[in-house]
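These notes concern the structure reproduced below.
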Amino acid sequence: MDTLIERAEAEITVKKSRFIAIAIPASNLEEVKKAVESVRKEHPEANHVVHAAVVGNAGTIYSSSDDKEPKNTAGRPALEVLKGRHITNIAVCIVRYFGGTLLGTGGLVKAYGDSCKAVLEKVRTERLAEKLDLSLIMDYTHLTQAKRIFQELEAVIIEEEYGTAVKLKIRLIKDRQEEIKQKLMDLGQGRITIR
């Protein structure tokens, strides 16, 4: 199961109606509600702000809304697309600006599903896993090699301080803790401090 890293946006046009799909990280239903409210404020002139969301570590908590579109023609098709991608902690809001042509129920189902697909092609995700932070102190001579180790083991630097030595705080997948410690100990031959 993957989780959304950052907001993404995509737009499609169907018979002059604009559909703007916005994917927003949301780890619970309260955050989904806030995401929908935020998108409504960004698009006050929109005819509809439909949403579909999957949250929870197991990706088993769902939410969707048709926002005054005919029942099951908007939020439901978007949710089905979303469920098929195995991404959790994501809210997709689809803003519709009506273009003057009625799409019919089949047209709406397709338009909202395609909007969700369009934004999912642009999202950046990461594997959902328990994470932990490590603090490191090292010489500048080890920095380039250490960054390669971080990249290889999917660790990210979340704090950096450069003085007489390099002080870093990294975030990594908990299961990789021992492997990264061993590689850093080998690299620094015991001269890299890990906490």
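Evaluate the following for LYS68: is it in contact (Cβ under 8 Å) with a residue 24 or more places away in the chain and of a type outside the set (Phe, Trp, Tyr)? Steps first, answer last, please.
Working: in contact (Cβ under 8 Å) with a residue 24 or more places away in the chain: no; of a type outside the set (Phe, Trp, Tyr): yes.
No, not satisfied.
GLY106 falls short on exactly one of the conditions (1) open to solvent by 60 Å² or more (accessible area, probe 1.4 Å); (2) closer than 30 Å to LYS15 by Cβ; (3) assigned to a helix (DSSP H, G or I), and that condition is (1).
Among the candidates VAL95, VAL49, which residue alone is touching a Cys at 6+ places or on another chain (Cβ under 8 Å) and either outside any loop (DSSP other than H, G, I, E, B) or open to solvent by less than 30 Å² (accessible area, probe 1.4 Å) (or both)?
Working: VAL95 fails: touching a Cys at 6+ places or on another chain (Cβ under 8 Å).
Only one candidate passes the filter, namely VAL49.
Per the conditions (1) at pLDDT below 95; (2) open to solvent by 50 Å² or more (accessible area, probe 1.4 Å), the sole criterion not satisfied by SER64 is (1).
Just the residues that are open to solvent by 50 Å² or more (accessible area, probe 1.4 Å) and touching a helix residue (DSSP H, G or I) at 6+ places or on another chain (Cβ under 9 Å), please, taken from the range 115-140. Across the range 115-140, the qualifying residues are LYS117, GLU130, LYS131, ASP139. Restricting ALA74, ALA35 to those that are buried (at least 21 other Cβ atoms within 10 Å of the Cβ) and touching a helix residue (DSSP H, G or I) at 6+ places or on another chain (Cβ under 8 Å) reduces the list to ALA74. Scanning the range 84-100 finds one or more residues that are at pLDDT below 95 and touching a helix residue (DSSP H, G or I) at 6+ places or on another chain (Cβ under 8 Å). LYS15 meets each of the listed conditions (1) of a type in the set (Lys, Arg); (2) closer than 23 Å to GLU126 by Cβ; (3) in contact with a helix residue (DSSP H, G or I) (Cβ under 8 Å, 6 or more places away or on another chain) apart from (2). Tell me, yes or no, whether the range 151-166 has at least one residue that is touching a residue at least 60 places away in the same chain (Cβ under 8 Å), within 22 Å of the chain's Cα centre (by Cα) and open to solvent by 10 Å² or more (accessible area, probe 1.4 Å). No, there is no match, as no residue in the range 151-166 is touching a residue at least 60 places away in the same chain (Cβ under 8 Å), within 22 Å of the chain's Cα centre (by Cα) and open to solvent by 10 Å² or more (accessible area, probe 1.4 Å).
The values are calculated or read from the model by the stated rules, or taken from the named source; none is laboratory data. For clarity, every value in this text was computed on a predicted model and none was experimentally measured. Here the Cβ is made from the backbone with ideal geometry for all residues, glycine too, and neighbour counts use every protein chain on show. Calculation scope for accessible area: heavy atoms of the full protein, side chains included, ligands and nucleic acids excluded. Shrake-Rupley method; radii C 1.70, N 1.55, O 1.52, S 1.80 Å.
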